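These notes concern the structure reproduced below.
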Amino acid sequence: MSRSVLVTGGNRGIGLAIARAFAEQGDKVAVTHRGSGAPDGLFGVRCDVTDAAQVDEAFSEVERQHGPVEILVSNAGITDDTLLLRMTEEQFTRVIDANLTAAYRVAKRASMGMLRKRWGRMIFISSVIGLSGGPGQVNYAASKAGLVGMARSVARELGSRNITANVIAPGFIETDMTAHLKEKLDAEMARVPAGRAGKPEEIAAAAVFLGSDAASYVTGAVLPVDGGMGMGH
Ligand code: NDP
């Protein structure tokens, strides 16, 4: 069955790989972008996820084009790393707003259509850092840990209506976000049993599973896709 899928931040990186993977299996896929335009073959809606009015309008556009969103992938995210003592309140709240409050905005808006349909899949892209913490990442880790509590609360609230909410916790994945960390990455690889960074397509495979009928009894789960980096967290 062809589903209506929305991937926030699906214009590049992990989000784009997720969008392409759903499109390849025949789903109707929309991605948000902030002015870059839609990648080839995908339906794009302009949306800054920190703006509730833009989120509402983006969903309305997707509804007109593809019908209500049935599979939501809340993927858009940013980092603004610095040590706690130097971190300004603006740096803290900006990351929380983009990574956590935005996930609440899109989940709430998506739940309207999912409740009506009595079917839905919400997938939140967290991080291994949300579970283990990271130096210089107080804001980012807090936002990513928050997604776990959020997803599990959604899972409890909406589980009886065939709506699942799950979290993917990627490890180091090669994208623009980690490109400037190349040296740090090489050192970190010693901590990764797989001995290498991951590829966006490896996150996409997990997202496709969580969005599938095969995952109908999986909810409130945190699925690490991190080459073993976070084992035990
Ligand atoms: P990129 O930096 O490559 O892409 C980030 C995406 O988020 C872009 O599409 C960007 O849009 C979008 N975005 C950021 N802020 C907003 C906003 N306010 N409104 C709308 N879109 C926004 O990152 P990745 O692909 O690497 O990361 C994707 C997700 O995966 C993030 O949530 C990240 O935290 C998470 N993750 C990544 C890991 C990694 O190693 N790469 C590891 C663990 C988690 P635009 O193009 O307009 O800037």
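The values are calculated or read from the model by the stated rules, or taken from the named source; none is laboratory data. Values in this document were obtained by computation on a predicted structure and should not be read as measured data. So basically every Cβ, Gly included, is an ideal-geometry build from the backbone, and we count neighbours across all protein chains shown. Accessible surface areas use protein heavy atoms only, side chains included; no ligands, DNA or RNA. Shrake-Rupley method; radii C 1.70, N 1.55, O 1.52, S 1.80 Å.
So here's what we get for this one:
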| quantity | calculated |
| --- | --- |
| 12 Å beta-carbon shell around Leu6, net charge (K/R +1, D/E -1) | 0 |
| Whole-number percent relative contact order across segment 4-225, with pairs defined as alpha carbons under 8 Å at least 6 apart | 21 percent |
| Within the chain, helix-based [θ] at 222 nm, where runs of 4 or more DSSP H residues each add -39,500 (n - 2.57), nearest 500 | -13000 deg cm²/dmol |
| Accessible carbon and sulfur surface of the chain relative to its total accessible area, %, 1.4 Å | 52 percent |
| Test item: Cα-centred dipole of the chain, Lys/Arg +1 and Asp/Glu -1 on Cβ, debye | 640 debye |
| Label-point gap, in nm, between Met231 and Gln91 - each point 7 angstrom along Cα→Cβ | 3.4 nm |
| With Cα atoms, 0 to 90° folded angle of helix 52-66 axis to the chain main axis | 50 degrees |
| Where labels lie 7 Å past Cα in the beta-carbon direction, separation of Lys117 and Thr101 in nm | 2.8 nm |
| Relative contact order (%) - segment 1-68, alpha-carbon pairs under 8 angstrom, separation at least six | 27 percent |
| The chain, accessible area per residue, ligands and nucleic acids excluded (1.4 Å, Å²) | 48 Å² |
| Overall dimensions of the chain by Cα: Rg and Dmax, Å | 16.7, 51 |
| In degrees, nearest ten, helix 200-211 long axis to first principal axis of the chain (Cα) | 40 degrees |
| Heavy atoms of Leu6: accessible area, 1.4 Å probe, square angstrom to 10 | 0 Å² |
| Nearest-ten-degree value, helix 102-117 long axis tilted from longest Cα axis of the chain | 30 degrees |
| Additional length obtainable on full extension of the chain from Ala194 to His180, 0.36 nm per residue less Cα span | 2.9 nm |
